[in-house]
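The values are calculated or read from the model by the stated rules, or taken from the named source; none is laboratory data. On a predicted model such as this, the values are computed, not experimentally measured, just so you know. Glycine gets a Cβ as well: all are built from the backbone with ideal geometry, and neighbour counts include every protein chain shown.
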């Protein structure tokens, strides 16, 4: 099973921005919800900020914001905490 330690967060390159701009967009207002990944997801945060907390170890979390490229592993069980309205390009593999 994956943990938030397996989540990759890095600043998006210009090429990342071009590649991701063809993907669908998802957005949400500040909120909290549980989520389980059944596929790997790559996303580019267009705006906003969120923290993902590991469901199996609430002491572990990862935070990302506008300009970040984030890769979530398959089989991650977590809680999303959106602190600033978020908009992202996303792609599931």
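Across region 54-76, what is the total count of residues that are free of Cβ contacts under 8 Å to residues at least 60 places away in the same chain, outside any loop (DSSP other than H, G, I, E, B) and either more than 11 Å from the chain's Cα centre (by Cα) or within 18 Å of residue 91 (Cα to Cα) (or both)?
5
This table checks each residue for (1) assigned to a strand (DSSP E or B); (2) crowded, with 16+ Cβ neighbours inside 10 Å; (3) modelled with pLDDT of 95 or more.
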| site | (1), (2), (3) |
| --- | --- |
| 18 | no, no, yes |
| 27 | yes, no, yes |
| 45 | yes, yes, yes |
| 84 | yes, no, yes |
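Return the residues of region 49-68 that are exposed (fewer than 15 other Cβ atoms within 10 Å of the Cβ) and over 23 Å from residue 13 (Cβ atoms); say none if nothing qualifies.
56, 57, 58, 59
Please enumerate the residues belonging to region 29-43 that are surrounded by 13 or more Cβ atoms within 10 Å (Cβ to Cβ) and in a strand (DSSP E or B).
The answer is 35, 41, 42, 43.
Any idea how many residues of region 1-14 are under 11 Å from residue 44 (Cβ atoms) and outside any strand (DSSP E or B)?
So the answer is 2.
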